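Notes to accompany the following structure.
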Amino acid sequence: MTDTAPLYRADALRDYASALLQKAGLAAPKADSVARTLVEGDLLGHDTHGLALLAGYVKELESGGMTRDGAPEVLSDRPAAVLWDGKRLPGPWLMDQGMDLLVPRARELGTASLVIRRSHHIACLAVYMLRALQEDMLMLLACSDPNAASVAPFGGTQAVFTPNPLAMGFPLSQGGVMVDISASITTNGMSNRKRAAGETFAEEWLIDAAGKPSNNPQVLFDQPPGTLLPVGGLSHGHKGYGMALLVETLTAGLAGHGRADPPEAGAPPSTSRCTT
């Protein structure tokens, strides 16, 4: 069967996304950064974290959940370690600004790290690995969301964590390596897509509120809700649980802002840590 799905030019999609974000009140430099990140996410095959996020971002701008103007607040600035308050500014733009800061410091000092608390959603983590490879740098990026929970600790039934992704990238003599994985077996984005399409997962990657394994993403929306399973599932989920704790340590722990703080109004932000 011939695939009849329409094809679009990547540059046209970037222009369209940027124009839409600007109509929602985002200045052109920030809109361009977000649009580029979303399209590159699609080009890498992470289509749950590409332009599929655009409508939600526009709604966040319109509601005030995503901050339109301003710059991050510098809370601490040491030569090789920086802490920002992202003020719920667009995550992809904050990440671009952060890498502009980190790369020259890492070249001078050998390593540099940035923790951003109260960032808005940063989209596809693998996109930022592309720049790391272009800059001939090793990069580690961790991301958590202290205002949301959809993954239970191993052996539990109540959600505590988000999927807590962790990405790394490093160059080789030819090409490079990029890894973008989560501490949970699947993601909220894929679960939402499956539920909307009336589909189930091929395997039991979730549990309901009673701890019964399920392949139906609907259990996340039931009352009381179920949860995603950590990497390793019911038999070896302690591995994913450990990874989730690692990400929490690198993000909330170093940011000084996490799940013990009162939730913020609107859609939850991301808390990100970028090391170059």
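Just a few scattered comments:
- Candidate set from region 1-57 (those that are among the β-branched types (Val, Ile, Thr) and surrounded by fewer than 20 Cβ atoms within 10 Å (Cβ to Cβ)); member that is modelled with the highest pLDDT: THR48
- Per-region count, region 207-223, residues free of Cβ contacts under 8 Å to residues at least 40 places away in the same chain, surrounded by 17 or more Cβ atoms within 10 Å (Cβ to Cβ) and assigned to a strand (DSSP E or B): 1
- Per-region count, region 155-168, residues crowded, with 22+ Cβ neighbours inside 10 Å and over 17 Å from GLY242 (Cβ atoms): 1
- Verdict on PRO171 being in contact (Cβ under 8 Å) with a residue 24 or more places away in the chain, assigned by TED's automatic domain parsing to the domain that holds HIS238 and surrounded by 19 or more Cβ atoms within 10 Å (Cβ to Cβ): no
- Among the conditions (1) at pLDDT 95 or above; (2) more than 18 Å from GLY155 (Cα to Cα); (3) more than 19 Å from the chain's Cα centre (by Cα), the only one that ALA260 does not satisfy is (1).
- Meets criteria (crowded, with 18+ Cβ neighbours inside 10 Å, of a type in the set (Val, Ile, Thr), not assigned by TED's automatic domain parsing to the domain that holds ALA196 and not in a loop (DSSP other than H, G, I, E, B)) for VAL74: no
- For region 40-63, filtering for residues that are within 20 Å of SER119 (Cα to Cα) and without any contact (Cβ under 8 Å) to a residue 60 or more places away in the chain leaves 7.
- Considering residues of region 1-58 that are hydrophobic (A, V, I, L, M, F, W, C) and outside any helix (DSSP H, G or I) only, the residue nearest to the chain's Cα centre (by Cα): LEU44
- Given (1) of a type in the set (Asp, Glu); (2) at pLDDT 95 or above; (3) closer than 24 Å to ASP261 by Cβ, index of the condition GLU108 fails: (3)
- Some residue of region 191-202 being touching a residue at least 12 places away in the same chain (Cβ under 8 Å) and surrounded by 22 or more Cβ atoms within 10 Å (Cβ to Cβ): yes
The values are calculated or read from the model by the stated rules, or taken from the named source; none is laboratory data. Every value quoted in this text rests on a predicted model; they were computed, and no experiment measured them. Reconstructed Cβ throughout: ideal geometry from the backbone, glycine too, with neighbour counts over all protein chains shown.
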